[in-house]
Amino acid sequence: MWPWGHLAVAYLLYTIVTHRRFGRTPRAIPAIAVAIGSQTPDLIDKPLAWNFGILPGGRTLAHSLFVVALLVPAVLVLADRLDRRPVGVAFLLGYCSHLLADIPPAVFSGEFAYAAYLLWPAVEQPPEDPVAGILDAFLHYYAMGPYEWLQFGLLAVAAIAWYRDGAPGLGLVRASIARRLGVGS
């Protein structure tokens with residue numbers, strides 16, 4: 001799945017959970033944490049595999065359930081110590097939704113080898129075409145098929161939901177950028 005698909009899936013899950021569990025819209029900092037969490041596995045694995053050759057593929061270390069088993073309690077302990085549990089939970093929702101959203105449709109027709117990344121390094125990574133970086137992946141491997149159109153559709157739905165939720169996080173990001181640029185001070 002591409003970054004915008006991961007972002008869409010994570011935000012839609014988070015807004016549904018927030019509305020149902022708390023009867024309100026998402027808050028700014030947890031919404032930003034969801035967005036960051038939704039990208040984190042690829043921000044770790046892709047450069048380490050594609051740019052530095054440290055990992056055998058773009059879905060290995062940070063996509064492994066073994067790492068998740070260590071990450072979840074670590075993030076929750078840290079979030080509790082900082083008195084920011086909702087932020088930690090939001091990050092983990094984004095992170096875990098990324099792993100689930102990466103499961104290709106072929107798995108549902110019985111081709112389970114495509115989800116082997118979830119058990120890396122205990123299960124060997126499926127073969128992956130060499131990629132020279134994210135730009136190379138985008139330029140040479142990207143094709144607009146039904147799966148890609150679905151991701152753009154999900155992004156549109158997520159953008160509408162985010163807007164209806166009051167665009168949580170946008171004001172905080174704008175203020176942070178303005179502070180760093182010295183605008184309005």
query = So which of Pro47, Pro86, Pro56, Pro26 ends up being surrounded by fewer than 21 Cβ atoms within 10 Å (Cβ to Cβ) and at pLDDT 95 or above?
reply = Pro86
query = Is there a residue in region 87-107 that is in contact (Cβ under 8 Å) with a residue 24 or more places away in the chain, among the acidic types (Asp, Glu) and over 17 Å from Ile32 (Cβ atoms)?
reply = yes
ask   = Is one or more of the residues making up region 145-160 within 18 Å of Val87 (Cβ to Cβ), surrounded by 15 or more Cβ atoms within 10 Å (Cβ to Cβ) and at pLDDT 90 or above?
value = no
task = Output the residues belonging to region 92-106 that are surrounded by 15 or more Cβ atoms within 10 Å (Cβ to Cβ) and assigned to a helix (DSSP H, G or I).
result = Leu92, Leu93, Gly94, Tyr95, Cys96, Ser97, His98, Leu99, Ala101
request  = Could you list all residues from region 48-86 that are of a type outside the set (Gly, Ala, Ser), more than 19 Å from Ile32 (Cβ to Cβ) and in contact (Cβ under 8 Å) with a residue 12 or more places away in the chain?
outcome  = Leu48, Trp50, Asn51, Pro56, Arg59, Thr60, Leu61, His63, Leu65, Phe66, Val68, Val72
key: Residue among Pro126, Pro130 that alone is part of a loop (DSSP other than H, G, I, E, B), at pLDDT below 80 and surrounded by 14 or more Cβ atoms within 10 Å (Cβ to Cβ)   = Pro126
Counted residues, region 47-81 - those being within 13 Å of the chain's Cα centre (by Cα) and not hydrophobic (A, V, I, L, M, F, W, C) = 2
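The values are calculated or read from the model by the stated rules, or taken from the named source; none is laboratory data. Just so it is clear, the model here is predicted, and its values are computed rather than measured. So basically every Cβ, Gly included, is an ideal-geometry build from the backbone, and we count neighbours across all protein chains shown.
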